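Peer 1: Structure incoming, see below.
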């Protein structure tokens, strides 16, 4: 079992074996923040910090018979996963339980919002917890850039939650998926679920597969085919045949939007998106600043 799932089960265990969804999410978030360990990553969602992976794990643990198939997070086992944590994490969780006490519901949400205002960036319920003037003052804690720009982002090494956090932190409004075949072994990054997560986080998703590199061209990469050879073929043979899609992309960038071109590789130098951006910059109608993150 993934260690993070043991942490989740242990958290529910020390809080008497049952937690409403919101309480579980906020307690898990606060525990991760206070210990400085990203057992789970979170991103600013409409109800504050949210982890898509925690809900994915909830369903997997239900399937395994360790949680009950109900709305809340309820243990369905007498096995103690607290005992399976490292001594450091076990002590930290018990200390966290003692310190947080009976703080639940709106009081727990308000505490979370007060201590981590950057995670309230897209909250739809912040006005339930703070007066209008206080909300206005707190906005300075998470001021975001709004100037239109084009970003280049790879999700290599990231969870879907840490990736969404990066998008929200950069105030991305449109995600352009430039993978030819948007399938992934990483949870949350295959097209159907990826699109759902992007849109649930308040952004628009667009897929332009023609601007990706077909798997047949990537065959042998790192062995018989170098990145330099691959990118040269991509630039000379593929991009030249897809000026319609290039124009579509440039038209998007000319809107007052903050657009992210997304593929897998973390380093844009090892991803075709840097060739794509160089190609865009050769067009006189492309006028946006480019930021690699």
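What follows is calculated from the coordinates using simple rules that are stated; it is not laboratory data. Everything numeric here is computed off the predicted structure, so don't read it as measured data. Cβ sites come from the backbone with ideal geometry, for glycine too, and all protein chains shown count toward neighbours.
Peer 1: What 222 nm value per residue comes from the helices of the chain, counting each DSSP H run with n ≥ 4 as -39,500 (n - 2.57) and dividing by all residues, nearest 500 deg cm²/dmol?
Peer 2: -12500 deg cm²/dmol
Peer 1: Expressed as an acute angle from 0 to 90° and rounded to the nearest 10, what is the orientation of the C-alpha long axis of helix 3-14 relative to the principal long axis of the chain?
Peer 2: 30 degrees
Peer 1: Right, next: Between residue 267 and residue 226, what FRET efficiency comes out of the Förster formula 1/(1 + (r/R0)^6) with R0 = 22 Å and r the beta carbon distance, rounded to 0.05?
Peer 2: Step by step, r from the Cβ atoms, then E = 0.90.
Peer 1: Using Cα-Cα distances under 8 Å and only pairs 6 or more residues apart, what relative contact order does the chain have, in percent?
Peer 2: This gives 21 percent for the chain.
Peer 1: Along the Cα→Cβ direction, 7 angstrom out, place labels at residue 196 and residue 63. What is the inter-label distance in nm?
Peer 2: 1.3 nm
Peer 1: Using a Gaussian network model on the chain with a 10 Å cutoff between Cα atoms, which of 23, 256, 161 fluctuates the most?
Peer 2: 256
Peer 1: Ok, one more. Once R0 is set to 30 Å, what does the formula 1/(1 + (r/R0)^6) return for the Cβ-Cβ distance between residue 114 and residue 169, expressed as a FRET efficiency to the nearest 0.05?
Peer 2: 0.95
Peer 1: Related question: Could you check what % of the DSSP bridge pairs in the chain are antiparallel, to the nearest 5? Working shown, then result.
Peer 2: Details: 6 of 25 bridges.
Beta bridges within the chain, antiparallel portion: roughly 25 percent.
Peer 1: Now for a different question. Kindly identify segment 66-106 as rounded, prolate or oblate by the Cα gyration tensor criterion: order the square roots of the eigenvalues as a ≥ b ≥ c, call it rounded if a/c is under 1.5, otherwise compare a/b with b/c, prolate if a/b is larger, else oblate. Write out the running numbers ahead of the final one.
Peer 2: Working: a/c = 3.35, a/b = 1.13, b/c = 2.96.
The shape class here is oblate.
Peer 1: Further question on the same structure: Where does helix 160-169 land angle-wise versus the long Cα axis of the chain, in degrees 0 to 90, nearest 10?
Peer 2: Compared with the principal axis, the helix lies near 70 degrees.
Peer 1: Using C-alpha positions alone, give me the convex hull volume of segment 156-293 per residue in cubic angstrom. Write down the numbers at each step before the final one.
Peer 2: Details: hull volume 14.9 nm³, N = 138.
Looking at segment 156-293, the number lands at 108 Å³ per residue.
Peer 1: Provide the convex hull volume over Cα atoms per residue for the chain, in Å³.
Peer 2: 147 Å³
Peer 1: In addition: At q = 0.10 Å⁻¹, what is the base-10 log of I(q)/I(0) for segment 3-140 according to the Debye formula with one equal point scatterer per Cα and no solvent? Please give it to two decimals.
Peer 2: These q points yield log10 I(q)/I(0) values of -0.33.
Peer 1: Something else: Compute the acute angle (0 to 90°) between the alpha-carbon long axis of helix 21-35 and the principal axis of greatest extent of the alpha-carbon atoms of the chain; round to the nearest 10°.
Peer 2: Once rounded, one gets 80 degrees.
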